[in-house]
Amino acid sequence: MTSIEKPNNLLVDLHVKYIQSLDTKKDDLEYWFTEHLRLSGVYWGLTALDLLKNVNTLNREDVVKYVVSCQHDNGGFSGHIGHDPHLTHTLYAVQILVIEDALDSVNTEKIVEYVKSRQDPQTGAFTGDEWEEIDTRFSYCAISCLSLLKRLDAIDVKKAIEFIMLCKNFDGGFGNTPGAESHAGQIFCCVGALAIVNSLHLIDADLLSWWLCERQLKNGGLNGRPEKLEDICYSWWVLSALSILGRLHWINKEKLIEFILAAQDPESGGFADRPGDMVDIFHTLFGIAGLSLLGYPDLKSVDPVYCLPKYVVQRIGLAEKYHI
Amino acid sequence: MHGVKRVKPSAEVEKLRKEREAIKIKEYNNLVASCFAKKTNFEYDEGAFDITTKILSQNPDFYTVWNFRRLILLNGTFKDCSLEEKQDRLGSELLFLQEIFKLNPKSYWIFNHRRWCLETIPDPDWHNELALVDKMLDMDSRNFHGWDYRRYVISKLTMHGDLKSLIQNEFDFTTTKINQNFSNYSAWHQRSKLLPKLIKEKNLNDQEIKEIINREFELVKSAFYTDPDDQSSWLYHRWLIGREIRHISILGAYFNRKRCQIILVFDDEIGMLSPFQVFCKSEKSSTINNINGDWQSLGVVEGGSVNIGDKIHGFFWIFTPSSQDIENEDFTELFFTVKPEWIVSSNSETILDKIIQRGCTIKKSENEKDILISMTSKTVIEDVSEQTINISSDLIHHESQETLPIDKSERIALLQREISTIRELLELEPDSKWCLQTLANLLREFKRINNSKEVKNFEVDEIVTIYDKLIVIDKMRAKRFEDLRSKIIFENSIRRFIQSADDLTSEMQQILSESSDNFLNIFKKLFCKPYHLAE
Ligand SMILES: [Zn+2]
């Protein structure tokens with residue numbers, strides 16, 4: 001591969017153009033196949049643009065209007081207009097509205113009600129929607145969402161923590177349900193949720209951080225489980241958890257930066273899961289957020305718990321209570 | 001998009017593709033439009049069902065369409081249908097799922113729908129599901145959807161079956177998977193869940209437990225002899241050894257009148273998640289007031305330097321009140337509270353299991369030399385502000401339900417045996433990073449568990465030497481080993497200070513009376529002498 005195919009600096013302008021171009025690909029079948037990811041796509045794109053200091057690229061009014069149109073009578077948000085509401089999309093909606101400082105354009109009381117109704121009072125677990133899938137991802141969605149709305153009082157936080165702790169494993173990590181194998185994505189969710197509710201003392205920080213830093217492979221990239229392939233999205237999940245646990249320096253930052261930069265598309269912008277692959281908006285956000293957490297220049301700082309620009313979290317007055 | 005290679009087709013190819021896709025897009029969008037029209041109008045008929053089949057065959061991640069499909073079955077098909085018909089219908093639904101699973105083995109929604117079908121079908125065949133998941137894990141032995149689904153199927157079988165044999169059966173399944181490939185981390189993980197259950201279920205006596213645990217050590221041993229670079233077996237080994245639970249206690253708490261500071265000495269390093277609370281009683285009123293101020297600790301930070309700060313794990317914690325709060329210095333009593341949820345230790349086996357509350361009376365002293373007043377545990381006051389969530393400490397120990405029944409003396413014997421096993425392997429593999437760090441872990445745990453009055457320097461020397469080597473061998477993670485190295489050196493010197501002090505109070509008195517020097521310098525002098533290996 002030539003060096004042109006493996007970029008070694010951040011292609012800011014190309015990424016902005018790439019994100020802008022996403023809504024113009026209506027003659028791609030893929031555009032329609034991923035319609036259920038439209039709202040999340042807006043969150044990924046908007047957060048990436050904000051970190052790239054280009055938040056105004058997307059028209060604020062259009063963004064807010066679109067988000068509002070995804071809210072349902074029960075308070076939850078769907079992945080796109082007319083789709084069914086789901087807890088993950090509800091978090092994306094709130095994150096977008098917090099970035100745009102537009103929470104007043106929706107009925108937040110309804111959102112709180114929706115999130116509250118997703119908790120199982122017996123186990124403390126959260127279900128994604130009325131079809132009752134249970135996953136620690138949803139615990140994170142609920143806790144992060146209510147924390148952004150300053151309404152954690154609406155749920156049984158103690159029970160929520162108890163459920164998360166049932167998902168802890170022999171390696172210090174967390175799985176999606178009790179008994180499930182540790183996975184970097186779930187670890188981000190559980191560590192983030194515990195950080196928000198002041199419960200990092202429940203984590204075996206040295207053991208878990210050890211497992212996390214062993215995710216780095218020779219090529220600098222990080223995987224999400226032992227003996228798996230490296231991937232940009234895992235670099236975010238591992239990094240954010242390490243950062244919350246105050247051990248970001250346990251991995252080799254230079255090598256990882258090199259790996260993330262190499263995963264850019266040097267012609268059309270965007271990041272792929274790993275160098276040489278097709279880009280998408282999901283990996284574009286996690287590439288940029290990872291670089292931000294690693295202190296790469298010319299980017300706004302990202303908050304490792306909320307995966308939002310730090311200034312946004314500060315603006316709504318949420319204290320930085322992690323980094324142990 | 002995962003694992004799709006980037007290709008830049010020529011403009012011509014692009015044009016052709018778009019032409020081809022234009023037709024498909026039109027067809028697909030028409031399907032979606034009619035699906036949503038029916039959904040909005042609550043039309044739960046067979047026509048709607050067929051549309052969902054067409055959409056989901058192309059796009060199994062379209063969760064709203066799955067939801068609609070279930071609504072059609074529940075509100076349409078299953079109205080006035082016999083149990084046999086329902087059984088048949090859901091049977092073919094399962095076959096449909098199997099077909100699209102082949103195209104997309106990692107879709108959450110396919111598994112969700114499958115679970116729903118089996119929980120709705122009148123007579124579910126869980127044995128068939130088990131056979132299916134066997135095949136799934138044959139194809140990809142690390143597919144975590146597969147493992148999740150397996151645990152789910154087993155839990156269903158358990159509900160109507162013989163639990164004991166299933167645990168043994170599942171345990172044997174992990175053995176098979178591990179023997180096929182020692183680096184199947186999913187199987188090791190599953191084993192860590194099953195082994196404690198197996199021991200409990202079988203109601204084994206001490207000797208039998210010992211035997212079963214020893215067989216585990218044999219299995220890991222053959223794994224890391226086969227491939228010493230594979231992390232799975234090493235991480236499992238760390239868990240097998242386990243760690244002895246240690247309770248953090250406070251060795252001393254002092255009020256330094258001259259500096260108006262509170263100094264706490266713990267017998268282990270702790271970090272602070274939420275500030276410990278300080279209160280006072282004043283002469284004038286009998287009310288108890290909160291005192292604001294800063295807590296700082298002394299400890300090692302990134303890169304191994306010793307520092308004082310609020311986000312450092314430390315043995316010493318020092319409280320300096322903010323200036324407004326000490327101006328009216330007429331308080332007569334002083335208290336502080338430390339709750340378990342306010343502190344964090346670096347591992348879950350080192351815990352604070354109860355609230356610490358201490359206080360002292362401050363008399364207008366004529367004796368200036370009495371700069372240090374011991375705070376004792378006699379005073380117990382009501383909690384003034386309740387901001388943090390109170391979580392029972394057994395939550396931290398949830399893991400303990402899942403650890404092995406090994407008592408302290410057995411663990412000491414195990415540690416000794418494993419230390420020599422690893423040393424033997426190290427002869428063959430002198431540069432194996434996993435071997436080296438396991439030996440360092442074992443030695444550290446051995447030191448910790450013994451916690452003897454005389455800390456043996458040669459043990460620390462060996463651990464330090466191993467970390468020095470690891471810093472060179474595993475450059476990627478050099479900073480972690482540097483941290484571990486500084487930590488053990490610092491910990492060792494502090495422990496020696498604490499343990500050798502016959503009277504901690506007078507020892508502290510002496511440190512603090514050297515008023516010309518500041519805290520950090522005094523502590524640095526004491527604890528941060530450059531480390532030399534034993535003479
Ligand atoms: Zn990925």
Theoretical FRET efficiency, 1/(1+(r/R0)^6), r = Cβ-Cβ of B:Ser322 and A:Gln314, R0 22 Å, to 0.05: 0.45
Sequence of B:Phe68, B:Phe144 from largest to smallest accessible area, 1.4 Å probe: B:Phe144, B:Phe68
Chain B, relative contact order [Cα under 8 Å, separation at least 6], %: 10 percent
Calculated log₁₀ intensity ratio I(q)/I(0) where the Debye formula runs over C-alpha points of the protein assembly as shown, q = 0.07, 0.11 Å⁻¹: -0.62, -1.42
Percent carbon-and-sulfur accessible area, the protein assembly as shown, ignoring ligands, DNA and RNA, probe 1.4 Å: 51 percent
Gyration tensor (alpha-carbon) shape descriptor, segment B:11-205, a/c threshold 1.5: oblate
Distance in nm between pseudo-label sites at B:Asn169 and B:Ser92 (7 Å out along the Cβ direction from Cα): 3.1 nm
Accessible area per residue, Å², chain B with all protein chains present, probe 1.4 Å: 48 Å²
Hz values of 3J(HN,Hα) by residue in segment B:271-280 - Karplus curve (6.51, -1.76, 1.60), Gly and Pro given as x: x, 10, 8, 9, x, 5, 9, 10, 10, 9
Mean residue ellipticity (222 nm) of chain B, computed from DSSP H runs ≥ 4 via -39,500 (n - 2.57), nearest 500: -18000 deg cm²/dmol
Full-extension gain in nm, B:Lys102 to B:Phe217, via 0.36 nm per residue minus C-alpha separation: 37.6 nm
Cα-centre dipole for segment B:408-503 with unit charges at Cβ (Lys and Arg positive, Asp and Glu negative), debye to 20: 300 debye
About the Cα centre, charge dipole magnitude for chain A (Lys/Arg +1, Asp/Glu -1 at Cβ), debye: 880 debye
Violating pairs (Cα-Cα greater than 21 angstrom) within the set B:Lys156/B:Lys197; A:Lys168/B:Lys469; A:Lys255/A:Lys310: A:Lys168/B:Lys469; A:Lys255/A:Lys310
Efficiency of FRET from Cβ geometry, B:Thr158 and A:Lys26, R₀ 51 Å, rounded to 0.05: 0.55
Extension reserve of the B:Ala11-B:Ile288 stretch, reckoned as 0.36 nm per residue once the Cα distance is removed: 91.9 nm
Three-way shape call for chain B based on the alpha-carbon gyration tensor, with the a/c threshold at 1.5: prolate
Against the rule of thumb 2.2 N^0.38 Å, how large the Cα Rg of segment B:408-503 comes out: 1.14
Added length on full extension, which subtracts the Cα-Cα distance from 0.36 nm per residue, A:Asn219 to A:Asp101: 38.5 nm
Placed amide H near B:Ile270: partners under 5 Å, 5+ positions off or other chain: B:Gly314, B:Phe315
Per-residue HN-Hα couplings for segment A:255-266 [Karplus 6.51, -1.76, 1.60; θ = phi - 60°; Hz; x = Gly/Pro]: 5, 5, 4, 4, 5, 5, 4, 5, 8, 6, 8, x
Computed FRET value (nearest 0.05) for B:Gln180 with B:Asp431, which takes r as the C-beta separation and R₀ as 22 Å: 0.20
Selected from B:Leu118, B:Asn29, B:Met139, residue furthest toward positive end of dipole (segment B:11-205; charges at beta carbon): B:Met139
Residue-by-residue Karplus 3J(HN,Hα) for segment A:153-169, coefficients 6.51, -1.76, 1.60, Hz, glycine and proline x: 5, 6, 10, 8, 5, 4, 5, 4, 5, 4, 5, 4, 5, 5, 8, 6, 10
Shape box of segment A:184-290 [Cα atoms, principal axes, largest first, Å]: 46, 26, 21
Residues whose placed amide H lies under 5 Å from that of B:Gln277, excluding near-sequence neighbours: B:Thr337
Relative contact order computed over chain A (Cα-Cα under 8 Å; 6+ residues apart), in percent: 19 percent
Under-5 Å amide H pairs with B:Ile248, H placed in peptide plane, nonlocal only: B:Ile351, B:Leu352, B:Asp353
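The values are calculated or read from the model by the stated rules, or taken from the named source; none is laboratory data. It should be emphasised that the depicted structure is a prediction, and the values quoted were computed from it without experimental measurement. Glycine gets a Cβ as well: all are built from the backbone with ideal geometry, and neighbour counts include every protein chain shown. Surface areas here come from the heavy atoms of the whole protein model, side chains and all, with no ligands, DNA or RNA. Shrake-Rupley method; radii C 1.70, N 1.55, O 1.52, S 1.80 Å.
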